[in-house]
Amino acid sequence: MINVAIIGCGNMGIAYAKSFIKYEIVTKQTLLLVEKNENQAQELQKMNIGQVVGQIDATLKSYEIIIVAVKPQDFSSISEQLSGILEPKQLVLSIMAGITIEKLTNMLHHPSIIRAMPNTPAQVSMGVTAYVASSGTTLEQIRKVEKLLSTTGREIFLEDEGLLDAVTAVSGSGPAYFYYFVRAMIDAGKQMGMDEAMASLLVKQTMMGSYHLMNNSDKSLDELIASVKSKGGTTEAALNTFEQSDMHNNIIKALKNAEARAKELSK
Ligand SMILES: NC(=O)c1ccc[n+]([C@@H]2O[C@H](COP(=O)([O-])OP(=O)(O)OC[C@H]3O[C@@H](n4cnc5c(N)ncnc54)[C@H](OP(=O)(O)O)[C@@H]3O)[C@@H](O)[C@H]2O)c1
């Protein structure tokens, strides 16, 4: 069992807590949940998955891994208090977007830091997380974090922290792009006379089926597109509309804007 404390138990913090418990990497006796929002703290109490406290205190000293899952803008308000508590043998795992290892190390005056970028499908153990480790992190600490992250989906170790901004743009924000496209397709179905339930079933099953086909096929993405599209047909009519609005390049531009924003937030 690993002793884990999670500071900030919103979307991601809860997803982590539930996954660690589900895969029996922690027990409710070895999991501490630090949540300042009273309503959220009450929800956590009801879940009965760990000890819930309202603020950081010396109790944290007995946890080997401290996960910081507050919003990046809330970090400065906890960093001083946290740095006063941290023991040299503890590891801090930060999932906050845009806060660099250098900044974390300096603000926490702590050598062992892992910075990770997860995404929300972690809530159903289907997430993907890329992470980097500070030079003061031991192999044993990295292995433990890997074990924790693997309960939330797949994980990728990065040598180059500079790539985390691109990861943020591609997979961190990625679920929102997917939902955006799904919503637009459902709206199109409704405008063609379907009710919400029918449009939703057709679109969601199409997305899921296409994902599985993509993963189980030897064909490239271009070949898979070609297998649906016939000359002068319906798919071509839709894809031509995408091309006319330069959608492919616009998507690339959008993700580059997300990457630029991540870089800006890191400053
Ligand atoms: N959501 C995503 O898709 C995603 C993906 C990758 C990375 N991340 C990163 O994950 C982190 C958490 O995101 P989230 O979506 O889970 O945010 P969230 O739902 O807002 O959760 C953060 C929680 O931390 C609480 N909190 C704030 N200050 C605290 C403190 N001093 N002590 C204890 N708890 C405190 C907040 O309470 P209040 O509501 O009262 O402030 C809130 O309940 C962010 O840094 C984000 O960059 C998120």
Taking only the alpha-carbon atoms of the range 174-266, the convex hull volume per residue, in cubic angstrom, is 136 Å³
On the formula 1/(1 + (r/R0)^6), with r taken between the Cβ atoms of residue 242 and residue 146 and R0 of 51 Å, the FRET efficiency rounded to 0.05 is 0.85
Quick numbers on the range 20-176, Rg and Dmax over C-alpha atoms in Å, give 15.0, 40
Binned at 5 Å starting from 0, the alpha-carbon pair-distance distribution of the chain in whole percents comes out as 1, 5, 11, 14, 16, 14, 11, 9, 7, 6, 4, 2, 0, 0
So residue 202 and residue 253, fully extended at 0.36 nm per residue minus their Cα-Cα distance, gain in nm 15.4 nm
Per the charge dipole of the chain (beta-carbon charges, Lys/Arg positive, Asp/Glu negative, Cα centre), the residue among 127, 252, 201 reaching farthest to the positive end is 201
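How large is the dipole of the chain about the Cα centre if only Lys and Arg carry +1 and Asp and Glu carry -1, each at its Cβ, rounded to the nearest 20 debye?
The dipole magnitude comes to about 300 debye.
Each reported figure results from applying straightforward, stated rules to the coordinates on display, with no laboratory input. Bear in mind that the values here come from a model prediction, so they are computed numbers and not experimental data. Because the Cβ atoms are built from the backbone with ideal geometry, glycine has one as well, and the counts that use them run over all protein chains shown.
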